[in-house]
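The values are calculated or read from the model by the stated rules, or taken from the named source; none is laboratory data. The shown structure was predicted, so the numbers you read here are calculated from the model rather than taken from an experiment. Because the Cβ atoms are built from the backbone with ideal geometry, glycine has one as well, and the counts that use them run over all protein chains shown.
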Amino acid sequence: MFTKNKQALPTDIDPDNVPQHVAIIMDGNGRWAKKRLMPRVAGHKAGMENVKVITKAASRMGVKVLTLYAFSTENWKRPNDEVHYLMQLPVDFFGAFMPELIAENVQVQVMGNLEALPAKTQQAARDAMADTAQNTGMILNFALNYGSRDEIQQAVQQIAKDAVSGKIEPESIDDDLISQYLMTGFLGQYADPELLIRTSGEERISNFLLWQIAYSELVFVDEFWPDFTPTVFEQSILIYQHRNRRFGGLK
Ligand code: IPE
Ligand code: IPE
Ligand code: MG
């Protein structure tokens, strides 16, 4: 089902050990622009262009889910102009790239507190999901107005409601059930990324996928997001493939 777009990989990458779910904290757009004496939003535009490039690269490598952190629940603290621009980006992105996403057989998902987004942004997200719902290739999952503490808070509230109403027994609340109630629940067996990449040299999680990354391999790269090329992506996958994943055991 997912192998349609698989193509030849750089010889060093083991095609049987490509992470199925890759999550990326796309950081450094502002600094990329500043370095070029351009306004921060020019960095966001370049970053948006790069989403297309990395989506194709991931899809062709055989990645099944690519989760991209696009806007956090904390990013509302930024100046109005910048927030306004970031809210327009999904409209522009899906407007421009939808034919290519469909040609690439990519299925778009958007997770986060979507109700709090401007109407046009919500509409763009909903249209993108609807227009690609039939696609059977890689899932391109945007985290938009997403914060993991917000996600956990919502999940805990829903679990409590379902327990009170008798839909679930408190004793049945386990690892799997919690995963299902999180915003990544729809990904089923792919909910937890094997690999989390953060660009721009920052080494922190910034409220992203706190539950899901319990055993993810973390790779921090120095490149700003617009400079994160398919080659740097492949290098990150190689780093992942050379890690010794033990999950608490001995291996
Ligand atoms: C990431 O780039 C994009 C978003 C958070 C929306 P930044 O805008 O955080 O860029 P820097 O970190 O300021 O360089
Ligand atoms: C994380 O980047 C959020 C996204 C990439 C969307 P930030 O730039 O907002 O994170 P901090 O402020 O450096 O932690
Ligand atoms: Mg940043």
For segment 132-150, state whether one or more residues are out of contact with any Phe, Trp or Tyr (no Cβ under 8 Å at 6 or more places or on another chain), more than 30 Å from E234 (Cβ to Cβ) and without any contact (Cβ under 8 Å) to a residue 12 or more places away in the chain. no
With the condition kept exactly as written, say whether any residue in segment 144-153 is at pLDDT 95 or above, under 19 Å from the mean Cα position of the chain (by Cα) and of a type in the set (A, V, I, L, M, F, W, C). yes
Just checking, which of V22, V18, V41 is within 16 Å of ligand 3 (Cβ to nearest atom) and either at pLDDT below 95 or not polar (S, T, N, Q) (or both)? V41
Among the residues that make up segment 208-224, is at least one of them without any contact (Cβ under 8 Å) to a residue 40 or more places away in the chain, away from ligand 3 (no atom under 16 Å from the Cβ), among the charged types (D, E, K, R) and over 19 Å from L66 (Cβ atoms)? no
Flag for E171 being within 16 Å of ligand 3 (Cβ to nearest atom) and either surrounded by fewer than 17 Cβ atoms within 10 Å (Cβ to Cβ) or among the β-branched types (V, I, T) (or both): no
Scan segment 197-213 and give yes if some residue there is surrounded by fewer than 18 Cβ atoms within 10 Å (Cβ to Cβ), of a type in the set (F, W, Y) and closer than 30 Å to P230 by Cβ, otherwise no. yes
Exclusive hit being on the phi > 0 side of the Ramachandran plot and modelled with pLDDT of 95 or more, set N207, N141: N207
The conditions are (1) on the phi > 0 side of the Ramachandran plot; (2) surrounded by 19 or more Cβ atoms within 10 Å (Cβ to Cβ), and I25 fails exactly one of them. Which is it? (1)
When segment 16-36 is examined, which residues are found to be closer than 17 Å to R243 by Cβ and either away from ligand 1 (no atom under 16 Å from the Cβ) or part of a helix (DSSP H, G or I) (or both)? D16, N17, V18, P19, Q20, H21, V22
Are there any pairs, at least 6 apart or on different chains, whose C-beta atoms fall under 7 Å, with the first in segment 15-36 and more than 16 Å from ligand 2 (Cβ to nearest atom) and the second of a type in the set (A, V, I, L, M, F, W, C) and modelled with pLDDT under 95, and if so, which? P15/L9
Tell me whether segment 77-99 contains one or more residues that are of a type outside the set (V, I, T), more than 21 Å from G43 (Cβ to Cβ) and assigned to a helix (DSSP H, G or I). yes
Given (1) more than 14 Å from ligand 3 (Cβ to nearest atom); (2) within 21 Å of N207 (Cβ to Cβ); (3) small (G, A, S), number of the condition G95 does not satisfy: (2)
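Looking only at segment 28-49, count every residue that is out of contact with any His (no Cβ under 7 Å at 6 or more places or on another chain) and crowded, with 22+ Cβ neighbours inside 10 Å and tell me the total. Even if it seems obvious, please write down each step before you answer.
Going residue by residue through segment 28-49, those that are out of contact with any His (no Cβ under 7 Å at 6 or more places or on another chain) are 28, 30-49.
Imposing the further condition that a residue be crowded, with 22+ Cβ neighbours inside 10 Å reduces the set to 28, 32, 43-44, 47.
Matching residues across segment 28-49 total 5.
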Just to be sure I understand, how many residues within segment 197-219 are in a loop (DSSP other than H, G, I, E, B) and over 21 Å from E151 (Cα atoms)? 5
Working only within segment 160-196, note down all residues that are assigned to a loop (DSSP other than H, G, I, E, B) and of a type in the set (D, E). E169, D174, D192, E194
Would you please name the residue that is surrounded by the most Cβ atoms within 10 Å (Cβ to Cβ), looking only at residues in segment 54-76 that are among the charged types (D, E, K, R) and more than 11 Å from ligand 1 (Cβ to nearest atom)? K64
